[in-house]
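Written out below as structure tokens is the structure these notes cover.
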Amino acid sequence: MEAKQTSVLLIGILLVIVSIANADSSAQVLVKKVKGKKVCDKGWECKGWSEYCCNLTISDYFDTYQFEELFAKRNSPVAHAAGFWDYKSFITASALYQPHGFGTTGNKTTQMKEIAAFLGHVGSQTSCGYGVATGGPTAWGLCYNKEMSPPHEYCDDFYKYTYPCAPGAGYYGRGALPIYWQYNYGKIGEALNVDLLNHPEYIEQNATLAFQAAIHTWVTPMKKGQPSAHEAFVGTWKPTKNDTLAKRFPGFGTTMNILYGDRTCGKGDVDDMNTVVSHYLYYLDLMGVGREEGGPHEVLTCAEQKPFNPSASTQASSR
């Protein structure tokens, strides 16, 4: 009888501990062990019995007011996508990827740094800021949700059998990390189970879908045998000897190499690279992490890195 009472007491204590630990969270944390490993389920934002769901979720450390500070001018009357982007869409989109480690890998500082890094790319690629703009160029992220004056439709005839272009569709840049070319719309659409090949316009009509596509790009390697931007940033990628010789190290610099290649990297301290870096550092400051956490120059930048996928032209590197 005493043993039974003791076990009930211990269960009660455990429930109290879980309750206290999650006093600031609306989600109940369910915990179990699978093959000796602790896994958790936190409800809609981090669902599916994952080790990453045992860590903080993004909404635990990144709140609405911080999103508003990072993208302070996005709803300005002169912003081209005013009223489109919002915090709820970002968190809803991230819920698909948090069980896989997006924003939930490592300790709180690592998690916050990854969100600052991802959003640093987003901010720099969707900014309409310029040097003398009110608030400075880093205040104008998420100004766009599509390319305003596309030079062409981005339909590559080489892929006419695998990813045929839909009649009348334009595959110009859209989204939080802009998607170009029909084969990229096709591949991302397949991954998200959305027909983006025939309806690329969906990306500019749904902010949650636009964020999902961007996070998918962040967590997915461009080619087999290469790291994703997520893996390169959080350090789960282990560089080979060739990577080391090419000056590719885990950190923010390599995420630019993965996402932009030789459009941005291996050219010294060029403006295209510095713009992305400046957004990341600015967001680290706004999130309370501090830009000193960005790391040394060789980790923070890709100025001296050889690209993973060298291209013959800027057009080819956009593919």
So, in region 79-88, of the ones that are under 17 Å from Thr134 (Cα atoms) and touching a residue at least 40 places away in the same chain (Cβ under 8 Å), which residue ends up surrounded by the fewest Cβ atoms within 10 Å (Cβ to Cβ)?
His80
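Can you pull out the helices (runs of 4 or more DSSP H) entirely within region 32-94 that have at least 1 residues that are under 21 Å from Tyr283 (Cβ atoms) and in contact with a Ser or Thr (Cβ under 6 Å, 6 or more places away or on another chain)? Please lay out each step first, then the result.
Working: elements: 58-61, 64-70, 87-94.
The qualifying helices (runs of 4 or more DSSP H) are 58-61, 87-94.
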Please determine whether any residue of region 185-197 is touching a residue at least 24 places away in the same chain (Cβ under 8 Å), crowded, with 17+ Cβ neighbours inside 10 Å, outside any loop (DSSP other than H, G, I, E, B) and among the hydroxyl-bearing types (Ser, Thr, Tyr).
no
Does Gln125 qualify as being polar (S, T, N, Q) and more than 19 Å from His80 (Cα to Cα)?
no
On the basis of being closer than 22 Å to Thr217 by Cα and at pLDDT 95 or above, does Gly103 make the cut?
yes
Search region 123-179 for residues being assigned to a loop (DSSP other than H, G, I, E, B) and acidic (Asp, Glu), and hand back the single one that is nearest to Glu69 (Cα to Cα).
Glu147
Selection from region 282-298 of residues that are modelled with pLDDT of 95 or more and either farther than 29 Å from Asp63 by Cα or of a type in the set (A, V, I, L, M, F, W, C) (or both)
Leu284, Leu286, Met287, Val289
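Among the residues of region 50-78 satisfying the criterion of being over 27 Å from Tyr144 (Cα atoms) and free of Cβ contacts under 8 Å to residues at least 40 places away in the same chain, which is surrounded by the fewest Cβ atoms within 10 Å (Cβ to Cβ)?
Looking at residues that are over 27 Å from Tyr144 (Cα atoms) and free of Cβ contacts under 8 Å to residues at least 40 places away in the same chain, I get Glu51.
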I'd like to verify a number: residues in region 205-222 that are buried (at least 19 other Cβ atoms within 10 Å of the Cβ) and either on the phi > 0 side of the Ramachandran plot or of a type outside the set (A, V, I, L, M, F, W, C) (or both), how many?
3
Any idea which residue in region 207-221 is nearest to the chain's Cα centre (by Cα), counting only those that are of a type outside the set (Val, Ile, Thr) and closer than 13 Å to Glu231 by Cα?
Trp218
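Report yes if Val270 is surrounded by fewer than 18 Cβ atoms within 10 Å (Cβ to Cβ) and in contact with a Pro (Cβ under 9 Å, 6 or more places away or on another chain), otherwise no. Give the derivation first.
Details: surrounded by fewer than 18 Cβ atoms within 10 Å (Cβ to Cβ): yes; in contact with a Pro (Cβ under 9 Å, 6 or more places away or on another chain): no.
When the stated conditions are applied, Val270 does not pass them.
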Given the condition at positive phi, modelled with pLDDT of 95 or more and not aromatic (Phe, Trp, Tyr), answer yes or no: does some residue in region 156-171 qualify?
no
So which pairs qualify, if the first residue must be in region 103-120 and aliphatic (A, V, I, L, M), the second must be surrounded by 24 or more Cβ atoms within 10 Å (Cβ to Cβ) and not in a loop (DSSP other than H, G, I, E, B), the Cβ gap must be under 7 Å, and the two must be at least 6 apart or on different chains?
Ala116/Tyr280; Ala116/Tyr283; Ala117/Phe233; Ala117/Phe252; Ala117/Thr255; Ala117/Tyr280; Leu119/Leu70; Leu119/Tyr283
Can you find a residue that is at pLDDT 95 or above and touching a helix residue (DSSP H, G or I) at 6+ places or on another chain (Cβ under 8 Å) anywhere in region 144-153?
yes
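The values are calculated or read from the model by the stated rules, or taken from the named source; none is laboratory data. What you are looking at is a predicted structure, and each value in this text was computed from that prediction instead of being measured. Here the Cβ is made from the backbone with ideal geometry for all residues, glycine too, and neighbour counts use every protein chain on show.
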